[in-house]
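> Here you go, one structure.
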Amino acid sequence: MMMELEMVMKLSLSLLFGLLIGIDRQIKQKQLGLRPSMVICIASCLVTIVSIEAFGKFGGPNHPNMDPMRLAAQIVSGVGFIGAGVILRRSNEVISGLTSAALIWSASALGIAIGAGFYIEAVTGVLLLMTAVNIIPFLIRTMGPEKLSRHEVAVKIVVEPNYRMTELIKMIERKGQDHQSGKREFKIRYMKLKDLENNCQLINLTLSVPDDQYTTEIYYYIKKIEDVLSVEVEQL
């Protein structure tokens, strides 16, 4: 019983450490955020526990050369290639599919644990994985700091020829506006400027915006800015 409690504690601790890493990456607006970090950390801990305990469970003097985890190691490596297939590089240097790839890899860890007979560890692992992917991100969005409650949108803007580009960018970011109105700043993660044939300019942006901000609100807000001819907004 004490050994099982220790394993549950290890898996729970891995969730905490994965959460801490994820918060750090999320604050810095990096691609590896909360959910992938927690999923990878929990699954890695689970595989390690199974590796250590399997030696004592299956090894012995009658099987001195037995390595029950050799096949499991190949499964983990092979599934890693499958997970890589769901990672997509989209427009504006945005990467998607990291959480899906991490969950695919974690599913192999759960399968290895069940196959080796570590049922309590597998049940604990899957409960913590579901908590990491669904419940904790929801709690952070509703009760956490504003920096952790943001998502990204890709914006393409065509503007008339002008020399007010810096002022226009500040307006898009909502800098200098009255925040008592409830409007929070948009943060530019990526920007590309391009001249068009008709002397207009094309601005490609990736904006970090609050989670409660609808894509339609962003569209109409930017469209009303002076010198803006057309707007295209895509939620990433």
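The values are calculated or read from the model by the stated rules, or taken from the named source; none is laboratory data. Quantities reported herein were computed from a predicted structural model and do not represent experimental measurements. With ideal geometry, Cβ positions are generated from the backbone for all residues, glycine too; neighbour counts draw on all protein chains shown.
> Please state which one of 173, 197, 226, 167 is over 30 Å from residue 46 (Cβ atoms), among the acidic types (Asp, Glu) and within 27 Å of the chain's Cα centre (by Cα). Steps first, answer last, please.
Details: 197 fails: within 27 Å of the chain's Cα centre (by Cα); 226 fails: within 27 Å of the chain's Cα centre (by Cα); 167 fails: within 27 Å of the chain's Cα centre (by Cα).
Just a single option satisfies the conditions, and that option is 173.
> Now a separate question. Restricting the search to the stretch 112-161, which residues are among the aromatic types (Phe, Trp, Tyr) and in a loop (DSSP other than H, G, I, E, B)? Show your work before the answer.
Narrowing the stretch 112-161 to residues among the aromatic types (Phe, Trp, Tyr): 118-119, 138.
Passing the criteria: only 118.
> Suppose we filter 188, 135 for residues that are within 30 Å of residue 15 (Cα to Cα) and within 21 Å of the chain's Cα centre (by Cα); which single one remains? Give the steps one after another, and end with the answer.
On the way: 188 fails: within 30 Å of residue 15 (Cα to Cα).
Answer to the check: 135.
> Inside the stretch 200-225, can you point out the residues that are surrounded by fewer than 16 Cβ atoms within 10 Å (Cβ to Cβ), at pLDDT 85 or above and not in a strand (DSSP E or B)?
Scanning the stretch 200-225 gives 214, 215, 216, 217, 219, 220, 223, 224, 225.
> How many residues are surrounded by 14 or more Cβ atoms within 10 Å (Cβ to Cβ) and either out of contact with any helix residue (DSSP H, G or I) (no Cβ under 9 Å at 6 or more places or on another chain) or assigned to a strand (DSSP E or B) (or both) if we restrict to the stretch 181-199? Quick ask: steps written out before the conclusion?
Applying the first criterion (surrounded by 14 or more Cβ atoms within 10 Å (Cβ to Cβ)) to the stretch 181-199 yields 183-191.
Subset that is either out of contact with any helix residue (DSSP H, G or I) (no Cβ under 9 Å at 6 or more places or on another chain) or assigned to a strand (DSSP E or B) (or both): 187-191.
Going through the stretch 181-199 one residue at a time, the tally reaches 5.
> Just to be sure, is residue 205 hydrophobic (A, V, I, L, M, F, W, C), over 30 Å from residue 11 (Cα atoms) and touching an Asp or Glu at 6+ places or on another chain (Cβ under 9 Å)?
Details: hydrophobic (A, V, I, L, M, F, W, C): yes; over 30 Å from residue 11 (Cα atoms): yes; touching an Asp or Glu at 6+ places or on another chain (Cβ under 9 Å): no.
When the stated conditions are applied, residue 205 does not pass them.
Residue-wise test of (1) loosely packed, with under 15 Cβ neighbours inside 10 Å; (2) in contact (Cβ under 8 Å) with a residue 40 or more places away in the chain; (3) closer than 30 Å to residue 194 by Cβ.
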{"position": "110", "(1), (2), (3)": "no, yes, no"}
{"position": "114", "(1), (2), (3)": "no, no, no"}
{"position": "124", "(1), (2), (3)": "no, yes, no"}
{"position": "135", "(1), (2), (3)": "yes, no, no"}
{"position": "143", "(1), (2), (3)": "yes, no, no"}
{"position": "154", "(1), (2), (3)": "no, yes, yes"}
{"position": "160", "(1), (2), (3)": "yes, yes, yes"}
{"position": "163", "(1), (2), (3)": "yes, no, yes"}
